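Right, one structure below, let's go through it.
The values are calculated or read from the model by the stated rules, or taken from the named source; none is laboratory data. Since the model is a prediction, treat every value here as computed from it, not as a measurement. All Cβ positions, even for glycine, are placed from backbone atoms using ideal geometry, and neighbour counts span all protein chains on display.
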């Protein structure tokens with residue numbers, strides 16, 4: 001197994017790469033943002049605190065992989081095999097999994113937002129995901145609650 005301790009993979013390309021059984025547990029905070037893994041394999045990979053923001057996982061095999069506290073914001077999972085993937089306490093806001101294959105993922109504690117795309121009929125909350133409201137929604141809700149509170153207190 002390769003040791004990726006402290007490696008910065010920002011803007012890297014991994015076309016047809018094979019990270020099968022790679023262990024990223026010693027690579028805390030490794031940055032794969034904007035990386036391209038087209039048709040690669042991350043089968044059996046483990047990692048914590050990895051940054052895959054804007055990564056292209058088109059056609060990647062994630063079978064039996066484990067990621068914890070990792071960032072998958074705006075990642076593209078087109079035709080990625082997500083069978084038995086575990087991604088706990090991770091960020092999937094804006095990610096596109098709508099064309100993922102075998103989306104059998106344990107997302108316990110992971111977050112998503114209204115821009116995250118899932119396959120038709122997929123229920124992210126049933127697999128442990130938490131919906132994070134958009135900031136504008138939170139602001140509007142707060143203002144509405146304040147208005148109601150003020151109206152109730154008015155004589």
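Of 16, 4, which residue is more than 14 Å from the chain's Cα centre (by Cα), surrounded by fewer than 19 Cβ atoms within 10 Å (Cβ to Cβ), in a loop (DSSP other than H, G, I, E, B) and modelled with pLDDT under 90?
Only one candidate qualifies: 16.
In the list 76, 104, 91, which residue meets the criterion of being modelled with pLDDT under 85 and closer than 23 Å to residue 43 by Cα?
Step by step, each of 76, 104, 91 is checked, and only 104 is modelled with pLDDT under 85 and closer than 23 Å to residue 43 by Cα.
If the Cβ limit is 8 Å and pairs must be 6+ apart or interchain, which residue in the range 136-154 that is surrounded by 10 or more Cβ atoms within 10 Å (Cβ to Cβ) pairs with which residue that is at pLDDT 65 or above and part of a helix (DSSP H, G or I)?
So the pair list comes out empty.
Among the strands (runs of 3 or more DSSP E) confined wholly to the range 55-133, which include 2 or more residues that are surrounded by 15 or more Cβ atoms within 10 Å (Cβ to Cβ) and under 11 Å from the mean Cα position of the chain (by Cα)?
In the range 55-133, 66-68, 81-88 are the strands (runs of 3 or more DSSP E) which contain 2 or more residues that are surrounded by 15 or more Cβ atoms within 10 Å (Cβ to Cβ) and under 11 Å from the mean Cα position of the chain (by Cα).
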